[in-house]
Amino acid sequence: MTVSVRGLGKSFGALRVLDGLDLTIAPGEFVALLGRSGSGKSTLLRVLAGLDRDVTGEFTVRGTVSVAFQQPRLLPWRRVWRNVVLGLPTDDPKGTAARALAEVRLSDRFGAWPNTLSGGEAQRVSLARALVRSPELLLLDEPFAALDALTRLAMHRLVGQLWDVHRPAVLLVTHDVDEALGLADRVLVLEAGRIVAEHVPPPARPRAPVDLVDLRTRVLSDLGVTEYA
Amino acid sequence: MTEQSVLVAVGDEVAPVTAVPRPRRRRLPDLRRWLSPIVLVLLWQLASSTGVLPPSKLSAPWTILGTARSLIADGELGDAFVVSLRRVAIGFTLGLVIGVVLGGLAGLSRWGDALVDPPVQMLRTLPFLGLIPLFILWFGIGETPKIALIALGVAFPLYVNVHAGIRDTDRGLMEAARVLGFGRWLRLRHVVLPSAASHTLVGLRLGLATAWLSLIVGEQINADSGLGYLINNARDFLRTDIVLVGLLVYALLGLTTDAIVRLLERWVLRWRTP
């Protein structure tokens, strides 16, 4: 298992954010984690990323981990290609960056300053930066939430393709049910710090939204949204 | 809840999307900055030529120009200039090193902050020009008190801005750097220092302004050389033209160093508005 978590707990003062959470992610598996705000999604991701070590319970993460955050978090004072390969031990940083940027179709912004990128472009740089490290585990923290709807759809396709090529285990934290159902092998619902439901979309990809209507209704009701039922 | 956080996020997104002005390079210094000073000088010449302004109060620009030429020709101005410039150069460098080292220490380490920040903040509340009597008692009336005064004036703004610049480093960027496997040195070099650069440059400009001010004040203390001496000596002989030449040189020096820092700023912060 790339990720195995047993009985993970985390509190902020009296607030129990993670409460005995269990989770496993197999190598190359794409898992989406849905949950309402405050359900502990981002906390779990931060724990797995090693940004928050003050937890109870056990967890192991095998191999290298990369993260793409909701905000791209590029260094504004380093050009795009440098952002991609900074901190990466490589003999040919420019070539490595060029290949990574070509994968996210941003070869033309190779030497640009991050401030000149659109939101979608910056997020693609962030993806390239995460993938260039050949992670065994890719953590995606609502990476498309800040993008407009059309860009978001294009990003979903791109992430699907990149995952197909690189096959890292993925944990995608999101609010977006359609995103989760369209991309993931397994969709987990987090509620009050533990996983309360698990859904498995049909394995075939790409998935047409019409085939996901029933599942979507069930996932939404797990999330407490029932106006369609 | 969902909608709200998306809205906030979209709001965050607006800045990078809209801030895409096409590259517009300005290689020449902005000439407009010279316009108003020139107009003021012309008005002044007019007032002197018409006799509104008597030379015992204020000499005419044209007279000042002649005086400047003769002061340059006999080497008097050049000597004074070198002496004063040397004082500022030494004092500024000392203050720069002290401010950056202490600011870096306090900004980068918790212990440094705990030990360095309180005394510096306490000393900062003292009006440093008011320390002149003490400086004279400690250092006499030679070069040392003048240089010490300049160094002190420069050290505080640099300390404050370097400290703030380091402390202001974006937490999100630091986290990203950690997740990407940056060690301490890479984080310092690619995240902390570039992020502190803009504050540091502000400190540099403030420090330079203070340096010139400290020089002028410091040179009132029993100077026997330098621009301050030239000015005080001229006052005794009612030579407003020489006083003004001295002041103009002060002003030109201030402008020049400020322009240098602005050029530096444009280069260091070139990623901001490409």
Euclidean distance of C-alpha centroids, region A:188-229 and region A:108-170, integer Å: 24 Å
If amide H atoms are modeled at 1.01 Å from N in the peptide plane, then the residues at a separation of 5 or more from B:LEU53, or on another chain, having amide H under 5 Å from its own are B:SER48
Sorted by packing (mean other beta-carbon atoms within 10 Å per residue), highest first, where do A:34-44, B:37-47 land? A:34-44, B:37-47
For Cα pairs less than 8 Å apart in space and 6+ apart in sequence, what is the mean separation divided by the residue count of chain B, i.e. the relative contact order in percent? 24 percent
For chain A, report the % of Cα-Cα distances exceeding 23 Å. 48 percent
Mean per-residue count of partner chain Cβ within 10 Å for B:259-265 equals 0
Using a 10 Å cut-off around each Cβ of peptide A:56-69, what is the average number of partner chain Cβ atoms that fall inside? 1
R0 = 22 Å: FRET efficiency of A:LEU150 with A:VAL200, Cβ-based, nearest 0.05? 0.20
Report the antiparallel proportion of the DSSP beta bridges in chain A as a percent, rounded to a multiple of 5. 50 percent
How much length is gained if the chain between B:ILE90 and B:ALA259 is pulled fully straight, taking 0.36 nm per residue apart and subtracting their Cα-Cα distance, in nm to one decimal? 58.9 nm
With the Cα gyration tensor of region B:182-274 in hand, give its eigenvalues times 5 under a square root as the equivalent ellipsoid semi-axes, listed largest first in whole angstrom. 40, 15, 7
For the protein assembly as shown, percent of DSSP beta bridges that are antiparallel (nearest 5) comes out at 50 percent
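Just want the ordering: B:ILE147, B:ILE216, from fewest to most Cβ atoms lying within 10 Å of their own Cβ.
Fewest-to-most ranking of B:ILE147, B:ILE216: B:ILE216, B:ILE147.
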If I histogram all Cα-Cα distances within region B:81-163 using bins 10 Å wide from 0, what percent of pairs lands in each bin? 19, 43, 29, 8, 0
How long are the semi-axes of the equivalent ellipsoid of the protein assembly as shown, taking √(5λ) for every eigenvalue λ of the Cα gyration tensor, in whole Å from largest down? 63, 25, 19
Taking a ≥ b ≥ c as the square roots of the Cα gyration tensor eigenvalues, with a/c under 1.5 meaning rounded and otherwise prolate when a/b beats b/c or oblate if not, region A:26-98 comes out prolate
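Under the definition of partner shielding as Cβ atoms of other protein chains within 10 Å of a residue Cβ, what is the mean value for peptide A:111-122?
4
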Region A:150-193, Cα convex hull volume normalised per residue, Å³: 76 Å³
Compute the semi-axes of the equivalent ellipsoid of region A:142-229, taking the square root of 5 times each eigenvalue of the Cα gyration tensor, and list them largest first in whole Å. 21, 15, 14
Taking H placed 1.01 Å from N in the peptide plane, check which residues at least 5 places from A:THR64 or on another chain put their amide H under 5 Å from its amide H. A:GLU136, A:LEU137
Shape of chain B from its Cα gyration tensor (a ≥ b ≥ c, root eigenvalues): rounded if a/c is under 1.5, otherwise prolate when a/b > b/c, or oblate? oblate
Along the charge dipole of region B:133-274, pointing to its positive end and built from +1/-1 on Cβ of Lys, Arg, Asp and Glu, which listed residue (B:GLY181, B:ALA196, B:LEU152) has its Cα farthest out? B:GLY181
Mean separation of Cα contacts under 8 Å, 6 or more apart, over the residue count of chain A: relative contact order %: 28 percent
Where the only charges are on Cβ atoms (+1 Lys, Arg; -1 Asp, Glu), what is the dipole of the protein assembly as shown about its Cα centre, to the nearest 20 debye? 1080 debye
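Since every read-out is calculated from the coordinates, none of them should be taken as a lab result. Note that the structure is predicted; figures quoted are calculated from it, not measured. Using ideal geometry, Cβ is built from the backbone for each residue, glycine included, and neighbour counts are taken over all protein chains shown.
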